[in-house]
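The values are calculated or read from the model by the stated rules, or taken from the named source; none is laboratory data. Nothing here was measured: the structure is a model prediction, and the numbers come from that model. Reconstructed Cβ throughout: ideal geometry from the backbone, glycine too, with neighbour counts over all protein chains shown. These area figures cover heavy atoms from the full protein model, side chains too; ligands, DNA and RNA do not enter into them. Shrake-Rupley method; radii C 1.70, N 1.55, O 1.52, S 1.80 Å.
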Amino acid sequence: MALKSRGSSRCSPGTESSCARGELGRMRAAVCSSVWLWLWLVLVLGCQRVSGGAAHRSGAQTWPVPYKRFDHRPKPDPYCQPIYPFCPKGSSNGEIPQMKDQDIIEVYRLQTPVWEFKFGDLLGHFHIMHDAIGFRSSFTGKNYTMEWYELFQLGNCTFPHLRPELETPFWCNQGAACFFEGIDDLHWKENGTLVKISEITGEIFNRMAKWVKEDNETGIYYETWTVHASGAPNATVWFESYDCSKFVLRTYQKLFEFGAVLKSPIQTNYTRLYLYSGEPMYLGNDTIFGPNGTKILAAQIRSFYFPFRPHQHVKELMESLLEIIAEVLLEKTFYLYFNFEYWLLPMKFPYIKIIYEEIPLPSK
């Protein structure tokens, strides 16, 4: 991979040696802190199974870019196939049973390491957590779990498939709500969290259920990345993630608006996968690709995503990891797919971080 020029030195005259060592130290620190994360992205996000020039926008750009909502949820393409079936125990279309208005429903905060059922607490050590909400009806004694996650696993929502018969990268990036009877206490308690945070009436629960169905029909795709201008507290937010924790937070906010009082006995933290970049550049949508597209840009985007392809051997994984490091850390380039459009992120230190940040429950 040919490396692009990174411009002239930022070192002042007479300080080139010490300045260069400082820059090298920063780069080494970035590489050391990011290599394990990029390796995880290649191994976990890339190992998913399936079957079978800049554009211009009119008007001022709004930051963060608003998440695009739709008037209905499209049927997934049959090419997209999950490793683990989506919502196998319950309703995968956001349908939630009605409760009696006078019922008292206990609300629980649920959190556990991602893929805990397969890897135990492994990803919990890196604060890579999955969030959900539990409910218990006092009238019936029945428990319920509600969560929002990827239809075709996280890798397919984070990187596309480069199908040889298609010039356009192919995405399997839908996410949706799942509601089912029962709470797997061991699953949530052993390595995570299961704590009561509220009691609501059946009337509030039913209002929430109606909102969930509407939210699920209009917010159809998963977004892994949160993109900030820097790690400073008031840094510009370029893009917000749209994932399991964001669904939980939206639901808490709605419950609060409907009259619920929310209180947690423990600190409420959520996983964020951050990218850091300068101001993003809008590139365009799928019209970039194909006979009437922008050939050089199309080739660059496909080349960027190629190292994240699934089913790689060990040697290929190592080569892919080096390509990713070169592209993101050295060439400072990342292509983001958001709202079914492509953006160029001019990456900057510290490039990428997993942050387990505290977000309090909504209150007066």
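What the table shows:
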| item | result |
| --- | --- |
| Partners for residue 213 among lysines (Cα-Cα distance below 26 Å; same-chain residues under 8 apart left out) | 68, 75, 89, 100, 142, 196, 246, 254, 263 |
| Heavy-atom surface of the stretch 104-358, accessible at 1.4 Å and reported per residue (Å²) | 40 Å² |
| Accessible carbon and sulfur surface of the stretch 104-358 relative to its total accessible area, %, 1.4 Å | 55 percent |
| Per-residue SASA entry for residue 282, accessible area with 1.4 Å probe, Å² rounded to 10 | 30 Å² |
| Global geometry of the stretch 66-212, whether rounded, prolate or oblate, following the gyration tensor of its Cα atoms and the 1.5 cut on a/c | oblate |
| Exposure ranking of 330, 361 by accessible area [1.4 Å probe, largest first] | 330, 361 |
| Where only C-alpha atoms are counted, convex hull volume of the stretch 104-358 per residue in Å³ | 148 Å³ |
| Under 17 Å from the Cα of residue 348 - lysines, other chains or at least 8 residues apart | 4, 332 |
| Contour minus Cα-Cα distance for residue 106 and residue 122 (0.36 nm per residue) | 2.7 nm |
| Gain on full stretching of the segment that runs from residue 349 to residue 235 - 0.36 nm per residue minus C-alpha separation | 39.7 nm |
| Ellipsoid equivalent to the stretch 210-364 - semi-axes via the Cα gyration tensor, in Å | 34, 20, 16 |
| Three-way shape call for the stretch 260-309 based on the alpha-carbon gyration tensor, with the a/c threshold at 1.5 | prolate |
| FRET efficiency estimate (nearest 0.05) - Cβ-Cβ, residue 315 to residue 295, R0 45 angstrom | 0.90 |
| Computed E for residue 165/residue 83 - FRET, C-beta separation, R0 22 angstrom, nearest 0.05 | 0.45 |
